[in-house]
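One structure is given below, encoded as structure tokens.
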Amino acid sequence: MSNKKYRIAIIGCGMICNAAHMPSITELKKKGLAEVVAVADIREQAARETAERWGIPAWYTDPQQMLDEVKPDWVSVCTPNVYHKQWSIAALRAGAHVMCEKPIALKYQDAKEMFEEADKAGKLLWACQSRRWSADMDFAYMAMREGDIGKPYFADISFVRRFGIPTWGFFHMKEHNGGGSFCDLGVHFIDALLWMCGNPRVQAVSGMETDVIAKKKEDVMISIKESGAYIGTFTPRPYDPDEFSVEECAAGSMRLEGNFLVNFKFTWALNQPTAKHFILCGDKGGLDVEQFKLYKNVGRFQAETELKYFDNRPFAGVAFDAHRYMYEHVYNVLEGSEERRVKPEETLNVVAAIEAFYRSAEENREVRTEELGGYLK
Ligand SMILES: NC(=O)c1ccc[n+]([C@@H]2O[C@H](COP(=O)([O-])OP(=O)(O)OC[C@H]3O[C@@H](n4cnc5c(N)ncnc54)[C@H](O)[C@@H]3O)[C@@H](O)[C@H]2O)c1
């Protein structure tokens, strides 16, 4: 192994850059494997404060100027979703590997073009599906691999925040983020589910979206903590509830190849307790991931097994620990010592689900993925 030291630049200096990417790169830096050479953000204050906070030598308000002048060999794209494609392609064309926050795109054709650009450039394009390294999904993946579930055919997945509208940045605005809770929470659970089930092709989505609670404004209790951010680690943008233009609740069902149905519910606001559910059933057994339970017959007995997961990994309990494992993994992928865990065909499948969901919600019908431009061709 060459132990190359990567010169990393970051585009978008908001919450995830400061709370997850910078601490992860700091871990690589301690081992002499990477350093951040520049950051860029259209908000000068965010770029400058991030550079000062982490001792980064250069900051820019024009990401293209940064790419041209700094010529980084790795770029992490941490902007709102709508700008992922533009900056990922610009960075690939500037000769960098790209780690792009999820979702890398909102339309299948856009994601396809992004991977084509990566192929053309001979560089890695990586979707930050960090949740694959979270303790619950790591556990579920291992249970699936052990063969205890058998062939999966039904899943019930939900990530409910009762009042957890992200208010620190651009999440709540369609023109910048493209979508709301489905893009934010749903993408993680759908990606993890498809991954652990061997990436069955998404065939159709039927869904609905609502914004009835966020629109009430004065009745909505805003809690940054409940929305998954960490206070004090970044430069927030003031929140204006009148700007809210995405969904606070996304619910529906998805058909996967092999007679596999998935019910889902992803919310930033719902009159239900905050909770996660991840239930997966196959012909041999069933898994309740969040309760760490396995339902399976033992001989002629029905058994309910409480599983113990010992998270003895080095960053257990650390905020955004999954990003740290992911960075280490991507470094190893680039150095050829590990096979990539998040594969382009898996990311394309997730983006197909996103596009089909929003179209279904808008058109009030089930949308088949064959209807999406260029699907799996
Ligand atoms: N993997 C995860 O667990 C996870 C968690 C949270 C957020 N995210 C993703 O990270 C991305 C950013 O989320 P965040 O919470 O940091 O949001 P944020 O609003 O805090 O940060 C985004 C930053 O990008 C800047 N920006 C906006 N438009 C830009 C442009 N055109 N060019 C350059 N910079 C621009 C903003 O000024 C802001 O500082 C989103 O795609 C989100 O889905 C991923």
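The values are calculated or read from the model by the stated rules, or taken from the named source; none is laboratory data. Please read all numbers here as calculations on a predicted model, not as lab measurements. Positions of Cβ are generated from backbone atoms using ideal geometry, with glycine treated the same way; all protein chains shown enter the neighbour counts.
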Discussion item. Take the conditions under 24 Å from residue 361 (Cα atoms), in contact (Cβ under 8 Å) with a residue 40 or more places away in the chain and either within 10 Å of the ligand (Cβ to nearest atom) or not aliphatic (A, V, I, L, M) (or both) and apply them to residue 179. Does it pass?
Written reply: yes
Response to the item:
Considering region 1-50, residues that are assigned to a helix (DSSP H, G or I) and free of Cβ contacts under 8 Å to residues at least 12 places away in the same chain, and then whichever is farthest from residue 86 (Cα to Cα), we arrive at 30
Item to complete: Show the residue pairs that are 6+ apart or on different chains and have beta-carbon atoms under 6 Å apart, the first residue being within region 312-335 and among the acidic types (Asp, Glu), the second being exposed (fewer than 14 other Cβ atoms within 10 Å of the Cβ) and not in a helix (DSSP H, G or I).
Response: 335/1
Item to complete: Taking residue 280 as meeting all but one of (1) modelled with pLDDT of 95 or more; (2) within 19 Å of the chain's Cα centre (by Cα), write down the number of the exception.
Response: (2)
Item to complete: Report whether or not residue 360 is away from the ligand (no atom under 16 Å from the Cβ), crowded, with 19+ Cβ neighbours inside 10 Å and either more than 25 Å from residue 160 (Cβ to Cβ) or assigned by TED's automatic domain parsing to the domain that holds residue 216 (or both).
Response: yes
Worksheet, complete the sentence: The condition of being at pLDDT below 95 and within 16 Å of the ligand (Cβ to nearest atom) holds, among 318, 350, only for 318
Worksheet item: Right, residue 331: within 16 Å of the ligand (Cβ to nearest atom), among the aromatic types (Phe, Trp, Tyr) and under 20 Å from residue 118 (Cα atoms) or not?
Response: no
Worksheet, complete the sentence: Note on residue 234: of the conditions (1) within 16 Å of the ligand (Cβ to nearest atom); (2) over 16 Å from the mean Cα position of the chain (by Cα); (3) modelled with pLDDT of 95 or more; (4) buried (at least 18 other Cβ atoms within 10 Å of the Cβ), unmet is (3)
Practice prompt. Scan 299, 285, 252, 258 and give me the residue that is over 30 Å from residue 15 (Cβ atoms) and either surrounded by 18 or more Cβ atoms within 10 Å (Cβ to Cβ) or basic (Lys, Arg) (or both).
Written response: 285
Worksheet item: residue 186 versus (1) touching a strand residue (DSSP E or B) at 6+ places or on another chain (Cβ under 8 Å); (2) part of a loop (DSSP other than H, G, I, E, B); (3) within 13 Å of the ligand (Cβ to nearest atom): which is the lone unmet condition?
Response: (2)
